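Have a look at the structure below before the remarks.
What follows is calculated from the coordinates using simple rules that are stated; it is not laboratory data. This one's a predicted model, so the numbers in the text were calculated from it and none came from an experiment. Every residue, glycine among them, receives a Cβ derived from its backbone with ideal geometry; neighbour counts consider all protein chains shown.
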Amino acid sequence: MTKLILRDVEIHKGFLDRAAQEHVLEAVRGVVLAAPLFQPDTPYGKPMSVRMTSAGRYGWFSDRSGYRYAQRHPSGVDWPPVPQPVLDIWNRLTGLQRQPDCCLINYYGEGARMGLHQDRDEADFAWPVVSVSLGDPGLFRVGNQTRGGKTESVWLESGDVVVLGGAARLTYHGVDRIKFGAGSLLPKGGRINLTLRVVD
């Protein structure tokens, strides 16, 4: 395991070994069974290229009304609890007693991407955001505190964990593309990203 710093963003390469990745993946599958993946629309009416679901007190949601947190899955069911193996990652990296309110689960299929954005729908930016990569490699791009300017990129592999906190909390970031089918964790290919956030 190695730790990289890219524009104040912490990247913990190889944080989860293969056994730990499989353990987390099994927990994520339980969440998806209870709260199936869905494809939200952006406020502009265009479907997002990723499919998503959530665990915790809140789930992240988007439609023509805007980006926001919701207390229930679009089907009306409550979001399942954040699995303990996922909480363990938060605890190991942050050392905080405060637990995340939301674990956003994004699935990147072939051709999926995530444009540069800030995570700023939360009430208090003093809390970090912890992001876990599983499956196929994704090209992670890091920008600045404001839109525009030069960016830097790094490939995130399965088991890598990113922490956006402190000076990097509102850094623009995104995933330009994935190497679909290049990983071996997901039998049918694709990338799963788990994002842990304190909402209130």
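Please find the FRET efficiency linking N144 to S49, where r is the Cβ-Cβ separation and R0 is fixed at 22 Å, and quote it to the nearest 0.05.
On the way: r = 24 Å, r/R0 = 1.07.
Calculated transfer efficiency: 0.40.
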In whole percent, the Cα-Cα distances of the chain spread across 5 Å bins from 0 upward as 1, 8, 16, 21, 23, 19, 9, 2, 0
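Restricting attention to region 1-76, which chymotrypsin sites (Phe, Trp or Tyr not before Pro) occupy a DSSP loop and are surrounded by at most 16 other Cβ atoms within 10 Å?
Details: sites: F15, F38, Y44, Y58, W60, F61, Y67, Y69; in loops: F15, Y44, Y58.
The qualifying sites are Y44.
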Karplus-derived 3J(HN,Hα) from phi for region 86-100 (6.51 cos²θ - 1.76 cosθ + 1.60, θ = phi - 60°), whole Hz, x at Gly and Pro, runs 6, 4, 4, 5, 4, 5, 5, 8, 9, x, 8, 6, 5, 9, x
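What dipole magnitude, in Debye to the nearest 20, does region 38-156 give about its Cα centre under +1 on Lys/Arg Cβ and -1 on Asp/Glu Cβ? Let's see the in-between values first.
Details: 13 positive and 12 negative charges, 51 e Å.
For region 38-156, the charge dipole is close to 240 debye.
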Residues whose modelled amide H sits under 5 Å from the amide H of V199, counting only those 5 or more places away in sequence or on another chain, are D101, C102
Scalar couplings 3J(HN,Hα) for region 51-67 by Karplus 6.51 cos²θ - 1.76 cosθ + 1.60 (θ = phi - 60°), nearest whole Hz, x for Gly and Pro, are 9, 8, 7, 8, 9, x, 5, 10, x, 8, 8, 8, 7, 5, 7, x, 8
Mean separation of Cα contacts under 8 Å (at least 6 apart) over the residue count of region 2-197, i.e. the relative contact order in percent, is 25 percent
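Looking at region 27-115, which trypsin sites (Lys or Arg not before Pro) are DSSP coil and have at most 14 other C-beta atoms within 10 Å of their C-beta? Please report the intermediate quantities before stating the final value.
Details: sites: R29, R51, R57, R64, R68, R72, R92, R98, R113; in loops: R57, R64, R98, R113.
Here the sparse-neighbourhood loop sites are R64, R98.
Around W127, with a cut-off of 9 angstrom between Cβ atoms, what is the net charge of the other residues, counting Lys and Arg +1 and Asp and Glu -1?
+1
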